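Below is one structure, written out as structure tokens; the observations come after it.
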Amino acid sequence: MTETSRSSRRFQGFFAFIGYLIFACVAVGALTELAAYGIWRVYHGARPDKQEKLGRTSPAYQSYPWAAEFWREEEARRKVHRGQYVPFLLWGVAEWHGKYVNADATPLGTLRRTTEMMTDSGRCAGKTATTIWMFGGSTLFGSGVPDFATIASYLQHDLNEKGAGCYRVLNLGAEGYNTNQEVILLEKLLKAGHHPDIAILYDGVNDSYVGMFAPGFPDAHWDYRAIEARVEGSAAGKLEFLRNSYALRFMREMVARRAVRGAASSNLGAKAKAVLDNYEANLRIAKTLGVAYGFQVQCFWQPSLASGRHELAPYEKQLVELDANSPEGSAFPLMAVAYEKAERRAAEDGQFVFLGGIFDAVKDPLYLDRWMHLGPHGNELAAAALAKYVNTVKEAPSAQR
């Protein structure tokens, strides 16, 4: 055999070895993922009470005969919902039309539908409507409730039912938004020639989560690290799909269950201050725009599972446990520090209304999941609290603090 033939066979053997190695790695990875999937299904199938079934298992829905049909539609929406890219806002609301959930294309963008109550029929005939824009995250958008059970729909009903005027409430909430994005959205709408009579900012959960937990600084947005990796084209961005593999999910959960977690940290107070400073800076911008364009701005810090003295139902206690055992870490203790700061700040400077305690005397289960989404009754109570303040709006825009 010639030297050339021996060299050729060595090369062939080398590349064959590389091919077998790659095949073996792929096969092992596939088998590992398949095994992890099976373990995950068995493990969690035996613990259904520990899982967030899109809110369907919450007792907040036990009295509604239409609940099962609604959740089938909501689950379908969440499976296909990816939002849509919006310049500077990163994402917006995607169109969706169903029996219970509708997001319509409008001159102001795609908005969740605010449903008129039957008792409102004809109330505004011959009257000039007071237009209210509501900004917020997924709780304000209405994740987990039909159109007629969003905070915006309940508020429109309450104002038109109890007040002497006529109110038209537009739901500009978007899943995942905090005040950083809401101020940009408000600016974009004003530049386009639209303006409300009243703008309401309903926030707290997303601002405190982003500022205190992930990514841990306030002038950011939801999913900051993942979006940063995609934009920068880093290896983490290219391999992001691996993060959702069952093998890694199972490993993260097992590690999380053995990790010692504590909310105590010497810099939590400073972080909470930064969250509230950023939040109030956004409110000042919104109110300055209100003065310039002639509309009122009212701001509210929403209730949450992470704070308050609401007597938790067994299901809600399980949601708190889910957070405590989350593979990503426990967010509630950190968010609670921001809520304490928000309550003090609201009392000190009056820039916003703290609603963190509006459920304290309520014994009924209200929450759907650990992302603070509320069932219909919770949204109804939140809207009733808002209506008390919106009805008192009398001062001129120039007098806003």
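The values are calculated or read from the model by the stated rules, or taken from the named source; none is laboratory data. No experiment lies behind these values; they were computed from the predicted model shown. Because the Cβ atoms are built from the backbone with ideal geometry, glycine has one as well, and the counts that use them run over all protein chains shown.
When Leu189, Leu242 are screened for being more than 19 Å from Thr139 (Cα to Cα) and at pLDDT below 95, only Leu242 passes. Selection of the stretch 181-229 for residues being β-branched (Val, Ile, Thr) and either outside any helix (DSSP H, G or I) or under 20 Å from Val275 (Cα atoms) (or both) yields Val183, Ile184, Ile198, Ile200, Val205, Val210.
So, His310, is that one of a type outside the set (Gly, Ala, Ser), crowded, with 23+ Cβ neighbours inside 10 Å, out of contact with any helix residue (DSSP H, G or I) (no Cβ under 6 Å at 6 or more places or on another chain) and on the phi < 0 side of the Ramachandran plot or not? So His310 fits the description; yes.
In contact with an Asp or Glu (Cβ under 9 Å, 6 or more places away or on another chain), surrounded by 15 or more Cβ atoms within 10 Å (Cβ to Cβ) and either among the β-branched types (Val, Ile, Thr) or assigned to a loop (DSSP other than H, G, I, E, B) (or both): is that true of Ala286 in this structure? No. Hey, among the residues in the stretch 332-369 that are among the charged types (D, E, K, R) and without any contact (Cβ under 8 Å) to a residue 60 or more places away in the chain, which one's surrounded by the most Cβ atoms within 10 Å (Cβ to Cβ)? It comes out as Glu343.
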